[in-house]
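One structure below.
Derivation of every value follows stated rules applied to the coordinates shown; laboratory data play no part. In this text the structure is predicted, and so the values were computed from the model without any measurement. Virtual Cβ from ideal backbone geometry, glycine too; neighbours counted across all protein chains shown.
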Amino acid sequence: MEDSFSGDEDYYYSDRDSLDGLENDEADLQWVPPKGSSTKVITRESLLAAQKEDLRRVMELLSLREHHARTLLIHYRWDVEKLLAVLVENGKESLFNEAGVTVIDDADPMLPLSSMVMCDICMEEVAGDKATKMDCGHCFCNDCWTEHFIVKINEGQSKRIRCMAHKCNAICDEAVVRNLVSKKHPNLAEKFERFLLESFIEDNKMVKWCPSTPHCGNAIRVEEVEVCEVECACGAQFCFSCLSEAHSPCSCSMWDLWAKKCRDESETVNWITVHTKPCPKCHKPVEKNGGCNLLAMWWSYWKRPYLVKNCWSQLWSLQGRQSQKD
């Protein structure tokens with residue numbers, strides 16, 4: 001026979017104990033209330049126009065071609081203000097070198113059709129119309145360029161494909177990549193285009209995808225990076241900082257700890273449901289971990305304890321009968 005004792009302290013604990021992790025540094029729990037920051041919904045149709053707007057701004061400011069402007073913006077995560085700050089602080093040359101942009105005014109990308117070019121990758125001579133020269137001045141045959149581009153796109157490096165030359169950090173012209181890849185793999189060229197377009201959202205801290213399920217395809221753009229709650233055109237409301245459901249005035253770190261606590265408690269409840277049965281008298285969960293099926297439980301009524309005996313295998317039916325009596 002097995003004796004089991006049940007008490008409030010055995011199965012209940014204070015929220016204070018379970019939320020000890022919430023007492024982090026004050027800096028982690030600071031929360032900035034929403035200030036009604038301006039937001040804009042970007043649909044699939046308007047994504048290209050939104051990207052073009054930032055590209056045009058940089059192109060006009062620095063007198064660059066589109067692929068150079070895109071390379072700069074991708075490197076600085078589409079943060080135009082940061083790009084301008086680096087330009088003012090370090091100058092144009094440092095800005096370009098850091099981002100892998102090579103601008104040579106007197107460079108002629110066209111090769112004479114009648115000339116022969118030695119490709120340093122495959123070590124074969126090819127005609128001028130079978131080779132391509134990048135802005136950095138390095139020239140290789142189109143077959144080698146194409147294979148290089150295909151490998152990089154499949155590796156997920158579409159947004160910043162570097163030149164094949166040793167120790168050259170120049171970013172390849174996206175128009176050249178698009179032209180050469182589309183001749184052999186049109187589907188891969190479309191994938192390359194999609195990566196370039198979606199980089200405006202994936203790499204931009206001011207823009208995030210709507211976390212709705214199923215995904216509505218929209219993105220949200222904010223004017224200021226702060227902890228704020230936004231609403232998508234599909235009706236989904238979420239925290240722009242952590243992409244969780246709206247949880248103001250709770251901070252994101254506090255919300256994460258609360259969600260973890262709820263998950264842990266859910267697992268505890270599942271274990272109790274599977275491994276215990278309720279006492280037919282006090283309704284507390286009772287665990288049997290050995291011995292025969294005869295259980296003896298002390299139960300207190302007005303500070304006068306008495307012994308209650310039950311069969312483990314019949315606790316569920318006894319519980320039902322007790323409920324009918326009550």
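If we scan region 195-209, do we find a residue that is in contact (Cβ under 8 Å) with a residue 60 or more places away in the chain, under 21 Å from the mean Cα position of the chain (by Cα) and more than 30 Å from HIS68 (Cβ to Cβ)? No, every residue in region 195-209 fails to be in contact (Cβ under 8 Å) with a residue 60 or more places away in the chain, under 21 Å from the mean Cα position of the chain (by Cα) and more than 30 Å from HIS68 (Cβ to Cβ).
Among all residues of region 190-207, there is at least one that is surrounded by 16 or more Cβ atoms within 10 Å (Cβ to Cβ), assigned to a strand (DSSP E or B) and in contact with a strand residue (DSSP E or B) (Cβ under 6 Å, 6 or more places away or on another chain).
Every residue in region 136-180 that is of a type outside the set (S, T, N, Q), in contact (Cβ under 8 Å) with a residue 60 or more places away in the chain and more than 17 Å from ARG194 (Cβ to Cβ), please. If the condition is that a residue be of a type outside the set (S, T, N, Q), in contact (Cβ under 8 Å) with a residue 60 or more places away in the chain and more than 17 Å from ARG194 (Cβ to Cβ), then ARG162, ALA170, ILE171, ASP173 are the ones that fit. Contact map, region 248-264: residues that are within 18 Å of GLN237 (Cβ to Cβ) and in contact (Cβ under 8 Å) with a residue 24 or more places away in the chain paired with residues that are surrounded by 13 or more Cβ atoms within 10 Å (Cβ to Cβ) and of a type in the set (S, T, N, Q), Cβ distance under 9 Å, separation 6+ or inter-chain. Pairs shown: CYS252/SER241; CYS252/SER244. Across region 163-182, the number of residues qualifying as surrounded by fewer than 17 Cβ atoms within 10 Å (Cβ to Cβ), of a type outside the set (Gly, Ala, Ser) and either more than 27 Å from GLU45 (Cα to Cα) or touching a strand residue (DSSP E or B) at 6+ places or on another chain (Cβ under 7 Å) (or both) comes to 4.
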